[in-house]
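Below is one structure; the comments refer to it alone.
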Ligand code: DGL
């Protein structure tokens, strides 16, 4: 039997905070440990092997702190590491513990939203190259055509607090232009990176009118609620004290400052953690 612990939420950096805040809205009574591997972000341009290795280290660290359930609040990690961790590592680490990602809950709702059956996905180079979205969408909705566009500049802009600057608007406009040129019939755009909700103002202003925008947080939150309703053993293994602790592999002061923008509030104390060797 699992000893109850907080729910772990992991991202390469700050992006997962957009998911955590939506989860907290739906499930405020649970305890959370948020871990940002800020010293090694961005993960987007990194190889499959490196993203897998870093993500596994983070998952093991959260398990070590008592978490039984870890959410990879990062599309790059979900695309490149989730399956291997679920299939290869979890049975050896502890078959009762669970790691879930953000791609599946997002994919599940897309079929109910698009009318043209043409969907666009923006994400990191890693997420787009992995083809995870087209592969997963085709399993549930084979009639939907998916077109992706990698946006390598978007995460660095967000990590540097440049969410609504002239530079951010230039790169958002450029990437969206390239995407909609490839498929002008797209009527639904998936923000396939947890950093991108911070660029929402710029994204909305360069999207063709009438395009639906899918921001993952609320769907991941609903899906987690549903998962815990169906898996009562895991629910009992998640503590409910309404508290959140924040961990970063970089400077706690810098994290606390930047997190204000993502969470729209002061987050209080941030703790430093070491994960493997820094690259
Ligand atoms: N937040 C991560 C995601 O959803 C990407 C950030 C990164 O490149 O590290 O893909």
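Of the helices (runs of 4 or more DSSP H) lying entirely inside the range 1-101, those containing at least 3 residues that are touching a helix residue (DSSP H, G or I) at 6+ places or on another chain (Cβ under 9 Å) and closer than 23 Å to residue 216 by Cα span 16-26, 48-64, 75-80. Determine the pairs where a residue that is free of Cβ contacts under 8 Å to residues at least 60 places away in the same chain, located within the range 68-82, has a partner that is within 8 Å of the ligand (Cβ to nearest atom) and assigned to a loop (DSSP other than H, G, I, E, B) with Cβ atoms under 6 Å apart, the partner being 6 or more residues away or on another chain. Hits for this filter: 78/102. Scoring residue 45 on the criteria (1) within 14 Å of the ligand (Cβ to nearest atom); (2) closer than 22 Å to residue 254 by Cβ; (3) surrounded by 23 or more Cβ atoms within 10 Å (Cβ to Cβ) leaves a single failure, condition (3).
When you check residue 52 against the structure, is it in contact (Cβ under 8 Å) with a residue 40 or more places away in the chain and either under 16 Å from the mean Cα position of the chain (by Cα) or surrounded by fewer than 23 Cβ atoms within 10 Å (Cβ to Cβ) (or both), yes or no? Against the criterion (in contact (Cβ under 8 Å) with a residue 40 or more places away in the chain and either under 16 Å from the mean Cα position of the chain (by Cα) or surrounded by fewer than 23 Cβ atoms within 10 Å (Cβ to Cβ) (or both)), residue 52 does not qualify.
Among the numbered conditions (1) more than 16 Å from the ligand (Cβ to nearest atom); (2) surrounded by fewer than 19 Cβ atoms within 10 Å (Cβ to Cβ); (3) in a helix (DSSP H, G or I), the only one that residue 129 does not meet is (1).
Could you check, for the range 189-198, whether at least one of its residues is away from the ligand (no atom under 13 Å from the Cβ), surrounded by fewer than 18 Cβ atoms within 10 Å (Cβ to Cβ) and either closer than 30 Å to residue 265 by Cβ or free of Cβ contacts under 8 Å to residues at least 12 places away in the same chain (or both)?
no
Read-outs throughout are calculated quantities, based only on the coordinates presented, and are distinct from any laboratory measurement. Just so it is clear, the model here is predicted, and its values are computed rather than measured. Methodologically, a virtual Cβ is constructed for each residue, glycine included, from the backbone with ideal geometry; neighbour enumeration extends over all protein chains shown.
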